[in-house]
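The values are calculated or read from the model by the stated rules, or taken from the named source; none is laboratory data. Source: prediction; values computed, not measured. Cβ placement follows ideal geometry from the backbone for every residue including glycine, while neighbour counts extend to all protein chains displayed. For the accessible areas, the whole protein counts, side chains as well, though only heavy atoms, and no ligand, DNA or RNA atoms are used. Shrake-Rupley method; radii C 1.70, N 1.55, O 1.52, S 1.80 Å.
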Amino acid sequence: MKRAGITGIFVCLLGAGLLAPVTAAIAQAPPPASIAAGGRLYDTWWKAVPGLKEPAGDHPMWALQATNKRKGLTTWRCKECHGWDYRGKDGAYGAGSRYTGFPGVMAAQAKSLDEVKGSLKGAANPKHDFSSVLDDAALTNLAVFLKHGLVDLAPAIDAKAKKPVKADPAKGQQLSAMCAACHGPDGKKLNFGKPDDPEYVGTIAKVNPWEFVHKVRL
């Protein structure tokens with residue numbers, strides 16, 4: 001089809017209002033870079049933004065729970081309260097040493113961006129105010145991730161077995177060929193941890209598939 005024909009059809013559809021929902025969705029869609037930046041903030045925000053200092057002591061919200069015994073920097077990570085699966089007490093962190101009793105963040109998808117950003121600034125609970133450590137741009141990116149970047153992995157991952165509900169090993173091996181070039185066929189070629197405490201994508205994928213998916217897609 002000639003370009004003029006395509007353009008003519010597009011104009012006709014636009015004039016009829018049939019493309020309005022599509023164009024509106026495109027206009028409202030957040031930049032992928034903002035979602036990715038917010039996802040990194042959800043992990044370890046003081047490392048995600050150049051120039052930020054590490055927070056001192058425990059997060060103010062940490063005193064509201066007594067089951068997770070970790071202290072210091074870990075308590076400031078969003079994932080420590082809300083989980084890599086974003087479900088908090090109702091997900092993978094619903095039991096064990098990481099249980100805090102705090103809710104997940106999936107509900108953020110149903111809220112407006114301003115409401116999500118407001119919760120990050122302590123609107124619902126002053127102890128949850130991150131505006132003293134994150135600037136407006138960072139808060140916006142984190143809010144964008146919470147509203148637009150969360151993926152519900154419950155249908156895809158068996159929480160107890162920590163394995164895919166359905167999988168196609170042959171297709172997975174084909175897709176992972178590019179990854180294996182750097183990480184090795186077993187995912188243990190590059191160490192992202194310390195010599196005495198190694199961390200590989202291959203081991204994370206088995207031990208914590210939710211963390212693996214979160215980090216790989218961002």
Reduced to Cα centres, the span from segment 117-175 to segment 66-114 in Å works out to 10 Å
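Show me 86-95, 117-126 ranked by packing, highest mean number of other Cβ atoms within 10 Å first. Mind showing how you got there, number by number?
On the way: 86-95: 19.4, 117-126: 15.4.
Going from most to least packed, we get 86-95, 117-126.
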Degrees, to the nearest 10: 3-16 long Cα axis against longest axis of the chain
80 degrees
Among [x] 1.22; [y] 1.07; [z] 1.01, the entry matching Cα Rg over 2.2 N^0.38 Å as calculated here is [x]
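So with the 1.4 Å probe, I'd like the accessible area per residue for the chain, rounded to whole Å².
On the way: 13450 Å² over 218 residues.
Accessible area per residue, the chain: 62 Å².
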Given the Cα-Cα distance of A177 and V151 and 0.36 nm per residue of separation, how much length would full extension add, in nm?
6.9 nm
Counting only protein heavy atoms, what percent of the accessible surface of segment 61-176 is carbon or sulfur at a 1.4 Å probe?
55 percent
Under a Cβ-Cβ cut-off of 9 Å, what is the net charge of the residues other than S97 that fall near it, where Lys and Arg count +1 and Asp and Glu count -1?
+3
Restricting to Cα pairs below 8 Å that are 6+ residues apart, what does the relative contact order work out to for the chain? Please round to a whole percent.
17 percent
Pair-distance profile P(r), taking every C-alpha pair of segment 153-218, with 10 angstrom steps and integer %:
19, 51, 27, 3
Net charge over other residues, Cβ less than 13 angstrom from the Cβ of K117 (K, R count +1; D, E count -1)
-2
